[in-house]
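Take a look at the structure below.
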Amino acid sequence: MTTEPNADPGGNATDFGFRKVGAGEKQRLVNGVFDKVADRYDLMNDLMSAGMHRLWKRALVDWLAPPRLGARPFRVLDVAGGTGDIAFRIARRSPAAVVTVCDINAAMLDVGRERAEARGLSDRVSFREGNAEALPLPDGGFDAVTIAFGIRNVPDIPKALREAFRVLRPGGRLLVLEFSHVDVAGLDWAYDAFSFQVIPRLGALIVGDDEPYQYLVESIRKFPPPDRFAAMIREAGFGRGEHRMFSGGIAAIHSGWRL
């Protein structure tokens, strides 16, 4: 049972959209959201962002700059990337890249595996079920960790950031693409109107349920602003932190290094 809006379930409370729920309850609720939307997740991303998410993801891969050649594979872990969208972009950009997708949601992973097979990328993109807060992967095994539009769904964000730090080799890099806070006058009003009035209706039309997308737009508003999230990345141990804003603040990419 979930809590009522604004109820405080105790010291382990966390945000599920605009509601407060127990930290353990949030993961079950998030899983339910993505079980419902897995088959149409990428289509809805196109509709919700008017295709802009493609430009932001391209910018993430550009900033990552995976090597085209190398004496050894360039190992990337894509966390919460179940459908494989980021992983496929990295693999296509870099023949040296080997990407592991780790996602807690089995339905999203099933979509990703089917797409990897269809794209002929199963030899370089693999899929593994696992929790971002307790990655089932060894210390120091990756050159880069990416998370695109997934970190805000994690109940304990600092814990997930520490796990990303743990699985990176020294000199490895974290890149996080996430929705942010609009900083252009006028655009903020239009963005809110579109988010709360249009996106849930699109969800009802395309997925058959508006509730998952009501949660998703609420979760964007509850995510920390860029400076505060940058501080969380530093507190997890990362150095040389910086971030870049896109589309008037609708999205941001954060970068940090395991030095």
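Just so it is clear, none of the values below were taken in a lab; they were calculated from the coordinates. All values derive from a computational prediction rather than experimental measurement. With ideal geometry, Cβ positions are generated from the backbone for all residues, glycine too; neighbour counts draw on all protein chains shown.
Values for this structure:
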item	result
Inter-part distance where the range 111-152 and the range 160-221 are each reduced to a Cα centre, Å	19 Å
Value at 222 nm in deg cm²/dmol, rounded to 500, when DSSP H runs of n ≥ 4 in the chain each add -39,500 (n - 2.57)	-12500 deg cm²/dmol
Sites ARG128 and VAL198 - FRET efficiency at Förster radius 45 Å, r taken between beta-carbons, to 0.05	0.80
Two-decimal Rg/Rh across the range 93-176, once Rg and the Kirkwood Rh are taken from alpha-carbon atoms	0.96
Between helix 106-119 and the chain: long-axis angle, C-alpha atoms, 0 to 90°, nearest 10	50 degrees
Reachable aspartates and glutamates, given that their alpha-carbon falls under 17 Å from the alpha-carbon of LYS26 and they are not under 8 places away in the same chain	GLU4, ASP8, ASP15, ASP35, ASP103, GLU133, ASP156, GLU211, GLU218
Span from the the range 71-99 Cα centroid across to the the range 25-50 one, whole angstrom	21 Å
Residues of type lysines that LYS20 reaches as a straight line, Cα spacing below 28 Å, ignoring anything fewer than 8 places off in the same chain	LYS36, LYS159, LYS222
Cβ-based charge dipole, the range 36-257, positive-most Cα from VAL79, ALA65, SER126	ALA65
Extension reserve of the GLU235-ARG54 stretch, reckoned as 0.36 nm per residue once the Cα distance is removed	62.2 nm
Gyration tensor (Cα) of the range 36-257, equivalent ellipsoid semi-axes in angstrom	27, 21, 16
Dipole in debye (nearest 20) - the range 1-146, about Cα centre, beta carbon charges: Lys, Arg +1; Asp, Glu -1	620 debye
√(5λ) per eigenvalue of the Cα gyration tensor, the range 203-257, largest first, Å	30, 12, 9
Sorted by Cβ neighbour density within 10 Å, fewest at the top, the residues MET52, MET232	MET52, MET232
Degrees between helix 157-167 axis and first principal axis of the chain (Cα, 0 to 90, nearest 10)	10 degrees
Globularity ratio of the range 1-149, using Cα Rg and 2.2 N^0.38 Å	1.15
For the chain, size of Cβ-based charge dipole, Lys and Arg +1, Asp and Glu -1, in debye	1080 debye
